[in-house]
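Data first, discussion second: the structure below is written as structure tokens.
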Amino acid sequence: MRPGNRSRTSDWVAALRALYSEAPPDLALFDDAVAERLLPPGLGALVRGAARAPFGARLAHRLIGSATRGLSYGVPLRTAAIDQAVVRAVDSGIRQLVVLGAGLDARAWRMPALSPVTVFELDHPDTQGFKRDGIGELRPLAKEVRFCSIDFERQTLPEVLAQHDFDPQAPSVWVWEGVTMYLTAEAIEATLDAVAELSAASSCLCMTYLPREYASPWLRTVGEVGAMWIGEALRFQEDPHEIAARLEQRCFEVEQDDSAVEWAERWPEREARRVRPFERLTVARRVAG
Ligand SMILES: C[S@@+](CC[C@H](N)C(=O)[O-])C[C@H]1O[C@@H](n2cnc3c(N)ncnc32)[C@H](O)[C@@H]1O
């Protein structure tokens with residue numbers, strides 16, 4: 001990401017989360033009232049208008065879903081699937097959450113389960129500055145939030161987390177949501193090395209990724225053009241066995257690897273059948289410290 005050029009992809013992702021927070025009960029997956037206040041004014045007004053009009057959220061769900069061939073459904077569904085994994089990690093006693101490329105992620109302000117947890121939000125200073133303006137004085141539900149600004153192209157995770165009193169001897173849950181597809185394989189390797197170095201035994205990594213054949217060639221081209229339009233290039237795709245191998249090399253054992261098709265089991269059948277398995281979520285546990 002170029003300096004002075006904050007991420008626009010995080011705006012679109014947060015807009016979808018804001019929309020689904022206002023969705024009818026059969027579609028709603030979480031309450032992310034914070035997402036709306038983080039949006040740039042134009043996008044915020046659009047989401048408010050859609051969400052508050054009669055049947056607006058359902059209509060927007062259908063229209064955006066049809067226009068994106070089901071891609072948009074994956075965003076709220078993956079967020080809910082990661083929320084579940086984070087709650088399981090906290091229930092198992094983990095007290096540090098690191099959000100890599102946090103964007104406008106609002107878990108620290110919306111998840112009561114994080115009340116005993118210190119959250120480390122890592123993102124580019126330009127995106128993080130915009131988010132901090134939107135958050136203002138809003139108190140987190142997490143025990144504490146530490147904003148750790150980082151440029152992944154110039155700084156390393158260990159050096160930045162050390163400046164914020166991260167404890168590598170205590171287990172952590174790492175969330176890497178909707179980021180890997182924009183990185184090079186070298187950046188993925190370097191980040192996984194750093195995560196492994198900083199992960200005590202029982203730490204948990206939740207990462208989403210695109211499999212190689214995530215869509216038809218035509219739809220992949222549309223996806224690549226769409227990503228470039230919002231300022232990113234789609235670079236990284238790998239299949240589940242390749243991701244598992246990368247993780248196993250670093251003493252992480254895969255506990256879950258699934259796609260939007262499985263996450264959509266929480267939706268009624270008529271909605272779930274529109275979902276396509278573009279993105280996947282791996283949840284892996286560190287078996288050695
Ligand atoms: C797709 S967005 C984030 C999505 C977010 N995890 C979510 O689900 O809402 C990708 C994030 O990576 C961050 N990012 C991109 N390049 C970066 C860099 N060189 N250093 C730090 N952060 C970067 C962007 O600022 C952005 O917040």
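The values are calculated or read from the model by the stated rules, or taken from the named source; none is laboratory data. Just so it is clear, the structure is predicted and the values come from calculations on it, not from any experiment. Cβ sites come from the backbone with ideal geometry, for glycine too, and all protein chains shown count toward neighbours. Keep in mind that these areas ignore ligands, DNA and RNA; they rest on the heavy atoms of the full protein, side chains included. Shrake-Rupley method; radii C 1.70, N 1.55, O 1.52, S 1.80 Å.
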>> Residues to consider are VAL34, VAL47; find the one that is part of a helix (DSSP H, G or I), within 16 Å of the ligand (Cβ to nearest atom), within 25 Å of ALA142 (Cα to Cα) and open to solvent by less than 30 Å² (accessible area, probe 1.4 Å).
In response: VAL34
> Which pairs have Cβ atoms under 7 Å, sit 6 or more apart or on different chains, and link a residue in the stretch 204-219 that is free of Cβ contacts under 8 Å to residues at least 40 places away in the same chain to one that is open to solvent by 20 Å² or more (accessible area, probe 1.4 Å) and not acidic (Asp, Glu)?
Replying inline: ARG212/GLN237
> From the set of residues in the stretch 55-80 that are aliphatic (A, V, I, L, M) and either free of Cβ contacts under 8 Å to residues at least 60 places away in the same chain or open to solvent by 10 Å² or more (accessible area, probe 1.4 Å) (or both), which is farthest from ASP32 (Cα to Cα)?
Replying inline: ALA67
>> So for the stretch 90-98 (the condition being closer than 27 Å to GLU224 by Cα, open to solvent by 10 Å² or more (accessible area, probe 1.4 Å) and in contact (Cβ under 8 Å) with a residue 40 or more places away in the chain), does at least one residue qualify?
In response: no
> What are the residues in the stretch 88-121 that are within 16 Å of the ligand (Cβ to nearest atom) and either assigned to a loop (DSSP other than H, G, I, E, B) or at pLDDT below 95 (or both), if any?
Replying inline: GLY101, ALA102, GLY103, LEU104, ASP105, ALA106, MET111
>> So ASP257 ticks every box in (1) touching an Asp or Glu at 6+ places or on another chain (Cβ under 6 Å); (2) under 19 Å from GLN237 (Cβ atoms); (3) open to solvent by 30 Å² or more (accessible area, probe 1.4 Å) but one. Which box is left unticked?
In response: (1)
>> Return the residues of the stretch 130-145 that are open to solvent by 80 Å² or more (accessible area, probe 1.4 Å) and assigned to a helix (DSSP H, G or I); say none if nothing qualifies.
In response: ARG132, ASP133
> If ALA170 satisfies every condition in (1) farther than 19 Å from THR191 by Cβ; (2) within 12 Å of the ligand (Cβ to nearest atom); (3) open to solvent by less than 40 Å² (accessible area, probe 1.4 Å) but one, which is the exception?
Replying inline: (2)
> Out of all the residues in the stretch 263-275, which are without any contact (Cβ under 8 Å) to a residue 24 or more places away in the chain and under 18 Å from PRO211 (Cα atoms)?
Replying inline: none
> Do you know which residues across the stretch 182-217 are at pLDDT below 95, of a type in the set (A, V, I, L, M), assigned to a helix (DSSP H, G or I) and surrounded by 14 or more Cβ atoms within 10 Å (Cβ to Cβ)?
Replying inline: ALA187, ILE188, ALA190
> So which residues in the stretch 263-289 are basic (Lys, Arg) and in a loop (DSSP other than H, G, I, E, B)?
Replying inline: ARG273, ARG274, ARG276
> Quick one: how many residues across the stretch 218-262 are part of a strand (DSSP E or B), of a type outside the set (Asp, Glu) and more than 17 Å from ARG276 (Cβ to Cβ)?
Replying inline: 3
> Residue check, VAL283 against (1) open to solvent by 30 Å² or more (accessible area, probe 1.4 Å); (2) out of contact with any Phe, Trp or Tyr (no Cβ under 9 Å at 6 or more places or on another chain); (3) among the β-branched types (Val, Ile, Thr), all met but one. Which one?
Replying inline: (1)
>> With the requirement that a residue be near the ligand (Cβ under 10 Å from one of its atoms), open to solvent by 20 Å² or more (accessible area, probe 1.4 Å) and either among the aliphatic types (A, V, I, L, M) or touching a His at 6+ places or on another chain (Cβ under 8 Å) (or both), what does the stretch 8-31 give you?
In response: VAL13, LEU16
